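Step one of this worksheet: look at the structure below.
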Amino acid sequence: MTTQTPKPYDYDLVIIGSGPSGRRAAVQAAKFGRSVLVVEKDPRVGGVSVHTGTIPSKTLRETVLNLTGWRERGIYGLGYRVKKDIDAADLHARLSKTLNYEVDVLDHQFARNRVSVERGLARFKNQHHIEILTEAGQSHTISADKIVIATGTRPYRPANIPFDDKVVLDSDGMVSLETLPRSLTVIGGGVIGIEYATIFSALDVRVTIVEARDSMLDFVDREIIADFMHQLRDSGVNFRLGTPLAGIQIEAGQPVAILEDGRRVRSDMLLYTGGRSGATDHLNLEACGLKADSRGRLKVDPDTFQTDIPNIYATGDVIGFPSLASTSLEQGRIAACHACHQDVPHAPQFFPYGIYSVPEISTVGLSEEQARAQHIPYECGIARFRETSRGHIMGLHGGMLKLVISLETRKLLGVHIVGESATELIHIGQAVLNFGGTFDYFIDATFNYPTLAEAYKIAALDAWNRITPRKTET
Ligand SMILES: Cc1cc2nc3c(=O)[nH]c(=O)nc-3n(C[C@H](O)[C@H](O)[C@H](O)COP(=O)(O)OP(=O)(O)OC[C@H]3O[C@@H](n4cnc5c(N)ncnc54)[C@H](O)[C@@H]3O)c2cc1C
């Protein structure tokens, strides 16, 4: 008779948090045949991405664009509306449908892959043991060979901001508004602030963006931002740039942003976007020998996502930059591969940023400013969407695609797009960039016609016409 040695741990891998990085790590490890448990403190799986961040904000955007008829205004005029009076209930209807569906798909994915899920707050007891505290106040301890911390972040709420979740909100509050404001002040010109500012502007809400710096979205090519800001100003968005916030007062039920230069911005509602903090405070990290930084973030090996404690990994927003659902998913997969002793995939050098503002922006690789700062001889090629037949059909007046290319090697260095479908179109450029391709690809390739993707060819020809010497007739 053979006796089986009992497994030293309850699970091969325990993942704390069911957001994009936790989900991907769990499913990947399960596919390798490991026993996997996901611990999630919220009643439903999905994390910030599904419940308060990526998916809700993108669903709100899609709903607003559809109900306002925003995409059709280039053809039918600025007064065109699909639905005249849009209220908060209209926005929630589509939101809850989408979120329920996302949760359902995720539950099914876990069940199909035999990933166990426990509801409760996880806290370390030591390097291999985790206590799970349920909402009912019960607790029990489980053990794991490897652990992935995928607890994400929560909005940073400075003590001097009078949040009441009704007229002064953070981004979490924007997904459960009871009424729509007629005016909105957005503090912070980062990605989240700009996305919500422009979504509400498309709803005909009077929007003012307050940003302490003179510029915004500094990681994006300046020519793209100039075009973007022109479009925003044209649609009535106000900017208070280079003016730090001194404080917020509530006057007659309305928030008033007091700026350091003495200006006051009054509105029905104020959205404060001052960054996010790592959700590590409940983890009892000292019990496993880890320490978070002042913003609650954890340090990891960028190739494996191992922390300083080799059997504990950290992935997703809890490790900081770049804090995207897209990159978090990949980090989860890499951590799971390493934890399960499989070949560890290496992410390609360039990943895209998608800013789902109205109009949207997407960017990959070097901006013109970065190419100049790195002393790379470069040339740019530009295409306006209105130059494409597809753009005419869609009634697009704005939108542009810019290529940055090396003059020495002809290699593509970067792609920057503002306008309709930017976040989809960027992947064509991303593929060429990560394969080390030259901009000749766009000149020689045949594109479907009519498409917005044709803008790649037009931009490449724009650069080619400027840099290619003409042969003289003999
Ligand atoms: C408004 C907004 C818009 C965004 N838009 C985009 C976008 O368009 N594209 C994009 O790529 N990214 C976007 N992001 C970023 C994206 O949402 C995050 O990068 C992503 O959600 C991070 O995933 P994560 O794996 O770190 O986990 P998260 O999604 O942050 O989830 C972490 C989970 O861990 C759980 N948890 C925390 N502590 C514990 C504990 N102690 N015990 C048990 N469970 C715990 C939480 O309840 C949560 O469910 C957006 C974010 C916001 C806020």
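What follows draws every value from the coordinates through simple rules; no lab data is involved. Since the structure is predicted, the reported quantities are computational estimates derived from the model, not experimental observations. Every residue, glycine among them, receives a Cβ derived from its backbone with ideal geometry; neighbour counts consider all protein chains shown.
So which residues in the range 257-285 are over 15 Å from E211 (Cα atoms), surrounded by fewer than 21 Cβ atoms within 10 Å (Cβ to Cβ) and either without any contact (Cβ under 8 Å) to a residue 12 or more places away in the chain or within 13 Å of the ligand (Cβ to nearest atom) (or both)? I'd like the intermediate steps shown before the answer.
Going residue by residue through the range 257-285, those that are over 15 Å from E211 (Cα atoms) are 266-269, 276-285.
With surrounded by fewer than 21 Cβ atoms within 10 Å (Cβ to Cβ) added as a condition, the list becomes 266, 268, 277, 281-282, 284-285.
Those that are over 15 Å from E211 (Cα atoms), surrounded by fewer than 21 Cβ atoms within 10 Å (Cβ to Cβ) and either without any contact (Cβ under 8 Å) to a residue 12 or more places away in the chain or within 13 Å of the ligand (Cβ to nearest atom) (or both): S277, D281, H282, N284, L285.
Mind counting the residues in the range 192-239 that are within 20 Å of the chain's Cα centre (by Cα) and β-branched (V, I, T)?
Going through the range 192-239 one residue at a time, the tally reaches 8.
Give the residues of the range 326-350 that are touching an Asp or Glu at 6+ places or on another chain (Cβ under 9 Å) and within 10 Å of the ligand (Cβ to nearest atom), sorted by residue number.
If we filter the range 326-350 for residues that are touching an Asp or Glu at 6+ places or on another chain (Cβ under 9 Å), which is where we start, we get 328, 334, 337-340, 344-347.
Within the range 326-350, just S328 meets the criteria.
When the range 354-378 is examined, which residues are found to be in contact with a helix residue (DSSP H, G or I) (Cβ under 8 Å, 6 or more places away or on another chain) and either surrounded by fewer than 20 Cβ atoms within 10 Å (Cβ to Cβ) or not in a loop (DSSP other than H, G, I, E, B) (or both)? First the steps, then the outcome.
Start the filter on the range 354-378 by keeping residues that are in contact with a helix residue (DSSP H, G or I) (Cβ under 8 Å, 6 or more places away or on another chain), which leaves 354-365, 367-369, 378.
Answer for the range 354-378, where residues must be in contact with a helix residue (DSSP H, G or I) (Cβ under 8 Å, 6 or more places away or on another chain) and either surrounded by fewer than 20 Cβ atoms within 10 Å (Cβ to Cβ) or not in a loop (DSSP other than H, G, I, E, B) (or both): G354, I355, I361, S362, T363, V364, G365, E368, E369, Y378.
State which residue is nearest to I147 (Cα to Cα) when the search covers only the range 114-129 and only residues that are more than 9 Å from the ligand (Cβ to nearest atom) and hydrophobic (A, V, I, L, M, F, W, C).
Out of the qualifying residues, it is F124.
Tell me whether the range 291-307 contains one or more residues that are more than 14 Å from I15 (Cα to Cα) and part of a helix (DSSP H, G or I).
no
Examine the range 135-143 for a residue that is assigned to a strand (DSSP E or B), within 28 Å of A336 (Cβ to Cβ), more than 11 Å from the ligand (Cβ to nearest atom) and touching a residue at least 60 places away in the same chain (Cβ under 8 Å), and state whether such a residue exists. Lay out the reasoning, then the answer.
In the first step, residues of the range 135-143 are kept if they are assigned to a strand (DSSP E or B); the result is 139-143.
Filter again for within 28 Å of A336 (Cβ to Cβ), leaving 139-143.
Checking which are more than 11 Å from the ligand (Cβ to nearest atom) leaves us with 139-143.
Restricting the remaining residues to those that are touching a residue at least 60 places away in the same chain (Cβ under 8 Å) gives 142-143.
Yes: one or more hits.
Is at least one residue of the range 381-395 outside any loop (DSSP other than H, G, I, E, B), within 16 Å of the ligand (Cβ to nearest atom) and within 27 Å of the chain's Cα centre (by Cα)?
The initial filter retains those residues of the range 381-395 that are outside any loop (DSSP other than H, G, I, E, B), namely 381-387, 389-394.
From what is left, the residues that are within 16 Å of the ligand (Cβ to nearest atom) are none.
Checked against the condition, which is being outside any loop (DSSP other than H, G, I, E, B), within 16 Å of the ligand (Cβ to nearest atom) and within 27 Å of the chain's Cα centre (by Cα), the range 381-395 yields no hits at all.
Would you pick out the residues in the range 309-318 that are surrounded by fewer than 23 Cβ atoms within 10 Å (Cβ to Cβ) and touching a Gly at 6+ places or on another chain (Cβ under 9 Å)?
Taking the range 309-318 first, the residues surrounded by fewer than 23 Cβ atoms within 10 Å (Cβ to Cβ) are 309-311.
The answer is I309, and nothing else.
Quick check: is even one residue across the range 104-126 in contact with a Gly (Cβ under 6 Å, 6 or more places away or on another chain) and within 21 Å of L37 (Cβ to Cβ)?
Yes, because at least one residue in the range 104-126 is in contact with a Gly (Cβ under 6 Å, 6 or more places away or on another chain) and within 21 Å of L37 (Cβ to Cβ).
Could you count how many residues in the range 313-325 are within 16 Å of the chain's Cα centre (by Cα) and more than 7 Å from the ligand (Cβ to nearest atom)?
Initially, the range 313-325 is screened for residues within 16 Å of the chain's Cα centre (by Cα), giving 315-325.
With the extra rule that they be more than 7 Å from the ligand (Cβ to nearest atom), the set shrinks to 319-322.
The total comes to 4.
In the range 1-83, which helices (runs of 4 or more DSSP H) lie fully inside it and hold 2 or more residues that are within 11 Å of the ligand (Cβ to nearest atom) and touching a residue at least 24 places away in the same chain (Cβ under 8 Å)? Explain how you work it out, then say what you get.
On the way: elements: 20-31, 47-51, 54-68, 73-76.
By residue number, 20-31, 47-51, 54-68.
In the range 161-191, what count of residues is obtained for those that are of a type in the set (A, V, I, L, M, F, W, C), under 10 Å from D268 (Cα atoms) and assigned to a loop (DSSP other than H, G, I, E, B)?
At the first step, the residues of the range 161-191 found to be of a type in the set (A, V, I, L, M, F, W, C) are 161, 163, 167-169, 174-175, 177, 180, 184, 186-187, 191.
This time we only want the ones that are under 10 Å from D268 (Cα atoms), so: 167-168, 180, 184.
Remaining after also requiring assigned to a loop (DSSP other than H, G, I, E, B): 167, 180.
Total satisfying the criteria: 2.
When residues of the range 235-252 are filtered for being under 15 Å from L184 (Cβ atoms) and touching a residue at least 60 places away in the same chain (Cβ under 8 Å), how many remain?
Result for the range 235-252: 1.
Yes/no matrix, rows are residues, columns are (1) without any contact (Cβ under 8 Å) to a residue 24 or more places away in the chain; (2) surrounded by fewer than 19 Cβ atoms within 10 Å (Cβ to Cβ); (3) away from the ligand (no atom under 14 Å from the Cβ):
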residue	(1), (2), (3)
T153	no, no, no
Y156	no, yes, no
I187	no, no, yes
E195	no, no, no
D204	no, yes, yes
V210	no, no, yes
R222	no, yes, yes
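Kindly provide the set of residues from the range 326-348 that are under 14 Å from the mean Cα position of the chain (by Cα) and surrounded by fewer than 24 Cβ atoms within 10 Å (Cβ to Cβ), ordered by number.
Residues satisfying the conditions are S326, T327, L329, E330.
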